[in-house]
1. Give the residue that is nearest to Ile8 (Cα to Cα), with candidates limited to residues of the range 81-106 that are surrounded by fewer than 18 Cβ atoms within 10 Å (Cβ to Cβ) and more than 13 Å from the ligand (Cβ to nearest atom).
2. Just the residues that are part of a helix (DSSP H, G or I), of a type outside the set (S, T, N, Q) and at pLDDT below 75, please, taken from the range 135-189.
3. Is at least one residue of the range 87-95 on the phi < 0 side of the Ramachandran plot and in contact with a His (Cβ under 8 Å, 6 or more places away or on another chain)?
4. Take Glu60 and tell me if it is at pLDDT 80 or above, at positive phi and assigned by TED's automatic domain parsing to the domain that holds Asn149.
5. Between residues in the range 97-124 that are polar (S, T, N, Q) and residues that are surrounded by fewer than 18 Cβ atoms within 10 Å (Cβ to Cβ), which pairs lie under 6 Å by C-beta distance while being six or more apart or on different chains?
6. I'm trying to understand the selection: among the residues of the range 205-247, which are assigned to a helix (DSSP H, G or I), among the charged types (D, E, K, R) and in contact with a strand residue (DSSP E or B) (Cβ under 9 Å, 6 or more places away or on another chain)?
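The values are calculated or read from the model by the stated rules, or taken from the named source; none is laboratory data. Because the structure is predicted, anything quoted here is derived from the model rather than measured. Every residue, glycine as well, gets a Cβ built from its backbone with ideal geometry; the counts of neighbours run over all protein chains shown.
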Amino acid sequence: MSGSFRIITIAEIPVKIHWTFGLLIFALLYLAYISGFNLQVVGWLALFIFSLFLCIVLHEYGHALTARRYGVKTRDIILSPIGGVARLEQLPDKPMQEFFIALAGPLVNVAICFAMVPYFMLYSFDGLWEVIESYRNQGGTSFSDFSVNFLPLLFLLNILLAGFNLLPAFPMDGGRVFRALLSLRFGRRKATRIASLLGQTLAVGFMIYGFFLGSMINIFVGLFVFITASQEYRMVKMESVLKENKVGDILRRQFTSLIPSDAMQLAFDGLKTGIERNYLVMDENREKVIGVLHEEFILEALKKKDHDALVETYVSEKFEASKPEQTLQEIFHKMSEQGYSILPVYEEEQLVGVIDVSMMNNFLMVQQKIK
Ligand SMILES: [Zn+2]
């Protein structure tokens, strides 16, 4: 995610904070201001927020380390004011693995609660009831209570974290748990469809409830869940389409190749018709591919009105060969990670065609519509 900064790396997984996290500091400053800069109050509040985010980080490590057991790596853990997310590199193959990975996060919060129980047993459970009572009476605790209600509040928030995350809707963990169980019977794609429909139904209910309550936060959360649910299904559908099809299924055998001494005008003309947007660049004898010309660079030349330029000025030498038997999934991820726009396709060392980003997008669009 752009705009995230790494703060620490634990167990080879970088923990990053998203820039919006900085908004929390403003919130803290604001609360400091209304408390008349009472250092003790602000100190307790800061410590509380820190502890809460520590619990969130532990929750994410619950996901990440369980995923590792199944051979799934975690790219990073990102914290934002609305919570954390452990970004796994891929979904695990087996539904039960996803089940345990998703469940591990909320279980960490439950474990934290259990770890606090001896403390309450030694001292008293009164603090817990007081916090619950004051929430029921006033809709919230006054933040100056943090020095007294620190652990009871942390305890209750961990229960809330576990409970909220177990709601059966994406992007919550409960959505994944539910999808994993459905996958055992229906396969991942249909399971995701059902899970995301349930998530969307819940989200709509949540929004209507928020509307009658006049709560913007409810409406906002509902909207967020609704959008994420449909994204999740689209993504799973896209992955399955990409996995089922091969480069050979969509490669284009007719294509124009350019040489470095060609005028860019040739590429401009092609762009106008829209059939070819990215080009292979061959050596002067047209024997070997030496580079590629990205649509992006052609547009840049057009913008600069560089009509007399030659292809050699704009050619990029970064590309790699692909083969007809490779899956579209493999190529798609390679293209988006490396920023390739077009790749030459070779069959037994022989250049037989090209595959490019716009063909790939077009193919996906058609598949989304017919499946
Ligand atoms: Zn989680």
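1. Top of the filtered list is Pro81.
2. Tyr135, Arg136, Phe143, Asp145, Phe146, Val148
3. Yes, there is a match, as at least one residue in the range 87-95 is on the phi < 0 side of the Ramachandran plot and in contact with a His (Cβ under 8 Å, 6 or more places away or on another chain).
4. So Glu60 does not fit the description; no.
5. What qualifies is Gln97/Tyr70.
6. Residues satisfying the conditions are Lys243, Glu244.
Here is a yes/no grid of residues against (1) modelled with pLDDT of 85 or more; (2) among the small types (Gly, Ala, Ser); (3) closer than 25 Å to Leu364 by Cα:
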{"position": "Gln254", "(1), (2), (3)": "yes, no, yes"}
{"position": "Ile259", "(1), (2), (3)": "yes, no, no"}
{"position": "Asp262", "(1), (2), (3)": "yes, no, no"}
{"position": "Lys272", "(1), (2), (3)": "no, no, yes"}
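Residue-wise test of (1) farther than 26 Å from Met238 by Cβ; (2) of a type outside the set (D, E, K, R); (3) assigned to a strand (DSSP E or B); (4) assigned by TED's automatic domain parsing to the domain that holds Met235.
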{"residue": "Ala267", "(1), (2), (3), (4)": "yes, yes, no, no"}
{"residue": "Lys272", "(1), (2), (3), (4)": "yes, no, no, no"}
{"residue": "Ile290", "(1), (2), (3), (4)": "yes, yes, yes, no"}
{"residue": "His307", "(1), (2), (3), (4)": "yes, yes, no, no"}
{"residue": "Ile331", "(1), (2), (3), (4)": "no, yes, no, no"}
{"residue": "Ser336", "(1), (2), (3), (4)": "no, yes, no, no"}
{"residue": "Ser358", "(1), (2), (3), (4)": "no, yes, no, no"}
{"residue": "Asn362", "(1), (2), (3), (4)": "no, yes, no, no"}
